[in-house]
Structure formats: structure tokens, C-alpha cells
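I have placed the structure first, in the form of C-alpha cells, so that the comments after it can refer back to it.
The values are calculated or read from the model by the stated rules, or taken from the named source; none is laboratory data. Being a predicted model, the structure only gives us computed values, none of them experimental. Note that we place each Cβ from the backbone using ideal geometry, even for glycine, and neighbour counts take in every protein chain shown. The area values use the complete protein model at the heavy-atom level, side chains included, leaving out ligands, DNA and RNA. Shrake-Rupley method; radii C 1.70, N 1.55, O 1.52, S 1.80 Å.
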Amino acid sequence: MLDETQVLRTSPEEPAGNRGGWYLLTGLVLGLILGLVYAWVIDPVVYENTLPSTLDEGDKDTYRCMIAEAYAATGNLERAALRLDILDDEDPYYALGAQAQRALAEGRSEEARALALLASAIKSYQADSEDLLSTPPLPTATQNILPTYTMPIATSTPQRSFIIFDPMNNDRHLSLAG
Amino acid sequence: MGRRNRRLIFFVLAILVGLAAGLFSGWELNPVPFKGTSPDSLRVDYKGDIVLMIAELYEAEGDSGEALTRLAFLGDEDPASIVEEAVVFAEEHNYTAEDLVLMRALLTALDASSEVLY
């Protein structure tokens with residue numbers, strides 16, 4: 001009888017002893033979830049000094065459209081290509097073409113025209129760049145006689161060749177560009 | 001202190017430890033992905049280039065209203081101060097004289113249009 005009473009008294013204590021670790025773990029997990037919800041949803045990290053390649057797709061489209069319109073206004077293809085480059089599109093030609101189609105479908109024909117114009121210019125620019133890269137280097141001897149950093153002076157007169165007769169040598173003529 | 005109170009204190013402490021771990025993980029170790037950022041968070045040189053694009057378009061179109069609409073892409077800040085910041089950056093970083101002229105022309109146009117409004 002006495003033994004049974006002791007058993008009855010001690011039995012409610014045993015689960016409490018086993019729960020010792022579990023309630024701490026529950027608190028820890030609860031805190032962890034609350035912390036993550038706060039850090040990811042309520043007050044997430046705000047990025048500053050970001051790159052255009054990290055913009056969301058809608059903003060990238062606006063950026064791309066501005067590049068195309070600026071190209072249509074200035075005709076500066078090199079600058080447009082550099083600007084497109086920072087958007088980090090896998091294929092800028094495809095991205096421009098796809099956006100032009102979307103703009104056309106939504107009735108923004110001016111925007112579509114600018115985008116298509118830049119797309120075609122970029123395609124030829126890419127082809128030119130590839131040609132330049134695939135051209136084998138000139139032999140060293142030839143490279144040495146090429147003029148460097150000499151820009152032609154712009155004149156309104158087109159270039160012509162003049163043949164001058166050399167009186168000292170009847171067989172020889174001097175050819176000058178003038 | 002009763003056993004029950006001690007357990008409650010440890011439970012709250014466990015929550016606080018978990019909270020700290022969650023915040024550290026969410027802000028430092030594994031923050032929200034670096035994608036889908038907004039244009040107003042762009043680095044100052046990229047903002048400057050966008051202002052230059054808008055100045056190039058303003059030079060071609062002469063439409064300050066359209067320029068204001070385009071500047072709204074860079075956020076809610078006052079458009080004139082966005083352009084002013086870009087001009088200062090351009091001056092400090094030796095933009096070409098032509099680009100500076102375009103940007104200053106845009107700034108002048110925005111100042112003029114804000115004077116008309118107020």
C-alpha cells in the first residue's frame with residue numbers, strides 16, 4: 001500500500017523532468033522564427049549603391065527603353081552598348097527585341113521603334129566586334145610603319161590624288177594625296 | 001524562486017536567444033536576396049548616367065514635363081536635386097564638357113519650370 005502511494009506521488013514528476021529540455025528548445029525555435037520573420041519580412045535589409053543588373057525586371061525594361069530613346073536621339077551607339085552592358089542581359093539583342101515586341105503589343109509604337117532600332121544597331125555592332133576579334137594580328141614589321149594617334153584633319157574638300165611629273169626623271173611620277 | 005518561475009525565466013531567455021539568432025541570420029548570414037532592387041538605391045555614378053540620358057533626351061525633345069516623368073524613375077526625391085547631385089558628381093569626375101552642358105541645361109529647365117509652378 002505504501003509503495004503504491006509513493007509510485008502515485010512520483011509519477012507526475014517524471015514527465016516534468018523529461019520536459020526540461022523541450023521547453024527550452026521550443027522557446028529557442030519560437031524566437032528563431034520570430035527573428036527570421038522580422039529580419040526577412042517586417043524590416044528586411046535595404047541595399048544601397050546597387051548595380052543596374054540587380055533591378056527588378058520592370059525597372060530594367062524602363063532603363064532599357066531610356067537607353068534606346070537616348071540612342072535614337074543621339075545616335076551614339078558605343079555609349080548605348082556600354083549602357084546595355086551594365087544591365088548584364090544574357091543576350092542584349094534578344095532582350096531588346098523581346099521588349100520591342102511587348103511594347104508594340106501594348107500599343108507603345110514609338111518605344112517599340114526605338115527599341116527595334118537599337119536592337120538592329122547592336123546586332124551589327126556585335127558582328128563588327130566579333131570580326132575585329134577574329135582578325136589575325138598584323139606582323140610586327142607592318143605594325144611599326146602604321147601611323148599612330150594621327151587623326152586626319154577634317155576638310156570640306158574630298159581627297160584626291162595628284163600625279164606630278166618629275167623633270168629630273170622622265171619615267172618617274174610622284175603621287176601625292178591632297 | 002519557485003520551479004515554475006525559474007522555468008518561465010529560462011523559457012523567455014530561450015526565446016530571446018532564438019530571436020537574436022534569427023535576426024543575425026536574417027540580416028547578416030542569409031539576408032533577403034540581392035535582386036529586385038529599386039532604382040533609387042542605384043550607385044551614384046549609375047544615377048548620374050541616367051540623368052545624363054534624360055538630359056540627352058531633353059536636348060532632343062525640349063520637353064521638361066517628359067524629363068520630370070523620366071526623373072521619377074529615380075525615386076520620390078525632388079527632381080531638381082537629383083539632377084543637381086548628378087551635375088556635382090559629373091563635375092567632380094571629369095565628364096566631358098558636352099555632357100556637362102546637357103546636364104546643366106536640364107537643371108536650368110527644371111529650375112525654371114519649378115519657378116513657374118511656385
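Mind checking which pairs have a first residue in the range B:41-52 that is more than 18 Å from A:Asp61 (Cα to Cα) and a second that is crowded, with 16+ Cβ neighbours inside 10 Å and among the aromatic types (Phe, Trp, Tyr), Cβ under 6 Å, 6 or more apart or different chains?
As it stands, the answer is B:Val44/B:Phe89; B:Gly48/B:Phe89, since those pairs meet every condition given.
Looking at the range B:95-102, can you tell me whether even one residue there is within 7 Å of another protein chain (Cβ to nearest Cβ) and surrounded by 13 or more Cβ atoms within 10 Å (Cβ to Cβ)? Can you show your working first?
The first filter runs over the range B:95-102 and keeps only residues within 7 Å of another protein chain (Cβ to nearest Cβ), leaving none.
No, there is no match, as no residue in the range B:95-102 is within 7 Å of another protein chain (Cβ to nearest Cβ) and surrounded by 13 or more Cβ atoms within 10 Å (Cβ to Cβ).
Conditions first: (1) open to solvent by 20 Å² or more (accessible area, probe 1.4 Å); (2) at the interface with chain B (Cβ under 8 Å from one of its Cβ atoms); (3) of a type in the set (A, V, I, L, M, F, W, C). A:Leu55 passes all but one, so which condition is the exception?
(1)
For A:Pro92, which of the numbered conditions (1) within 14 Å of another protein chain (Cβ to nearest Cβ); (2) surrounded by 15 or more Cβ atoms within 10 Å (Cβ to Cβ) fails to hold?
Failing condition for A:Pro92: (1).
Within the range B:34-58, can you find the residues that are touching a Leu at 6+ places or on another chain (Cβ under 8 Å) and open to solvent by 70 Å² or more (accessible area, probe 1.4 Å)? Steps first, answer last, please.
Kept after step one, since they are touching a Leu at 6+ places or on another chain (Cβ under 8 Å), are these residues of the range B:34-58: B:36-40, B:42-43, B:46-47, B:50-52, B:54-56, B:58.
Residues satisfying the conditions are B:Asp40, B:Arg43.
Step by step: first the residues of the range B:59-72, then only those that are at the interface with chain A (Cβ under 9 Å from one of its Cβ atoms), open to solvent by 30 Å² or more (accessible area, probe 1.4 Å) and not aliphatic (A, V, I, L, M), then the one that is farthest from B:Asp99 (Cα to Cα). Which residue is that?
Going through the range B:59-72, the residues at the interface with chain A (Cβ under 9 Å from one of its Cβ atoms) turn out to be B:59-61, B:70.
Filter once more, keeping what is open to solvent by 30 Å² or more (accessible area, probe 1.4 Å): B:59-61.
In the following step, the residues that additionally are not aliphatic (A, V, I, L, M) were identified as B:59, B:61.
Values: B:Glu59: 11, B:Glu61: 16 Å.
Looking at the filtered set, the residue picked out is B:Glu61.
Hey, could you check the range B:1-53 for residues that are of a type in the set (Val, Ile, Thr) and within 8 Å of chain A (Cβ to nearest Cβ) and say which is farthest from A:Pro44 (Cα to Cα)?
As a first pass, look at the range B:1-53 and keep what is of a type in the set (Val, Ile, Thr): B:9, B:12, B:15, B:17, B:32, B:37, B:44, B:50-51.
With within 8 Å of chain A (Cβ to nearest Cβ) added as a condition, the list becomes B:12, B:15, B:17, B:32, B:37, B:44, B:50.
Values: B:Val12: 24, B:Ile15: 20, B:Val17: 20, B:Val32: 7, B:Thr37: 12, B:Val44: 22, B:Ile50: 27 Å.
Applying the filter and picking the extreme gives B:Ile50.
Quick check on the range A:35-45: of everything there that is within 7 Å of another protein chain (Cβ to nearest Cβ) and surrounded by fewer than 16 Cβ atoms within 10 Å (Cβ to Cβ), which residue is nearest to the chain's Cα centre (by Cα)? Break it down stepwise before answering.
Of the residues in the range A:35-45, the ones within 7 Å of another protein chain (Cβ to nearest Cβ) are A:35-36, A:38-40, A:44-45.
Cutting the leftovers down to surrounded by fewer than 16 Cβ atoms within 10 Å (Cβ to Cβ) gives us A:44-45.
On the way: A:Pro44: 25, A:Val45: 23 Å.
Once the filter is applied, the top-ranked residue is A:Val45.
Between A:Ala80, A:Ala70, which is in a helix (DSSP H, G or I) and facing chain B (nearest Cβ under 7 Å)? Break it down into steps so the answer makes sense when it comes.
Numbers: A:Ala80 fails: facing chain B (nearest Cβ under 7 Å).
After ruling out the rest, the residue left standing is A:Ala70.
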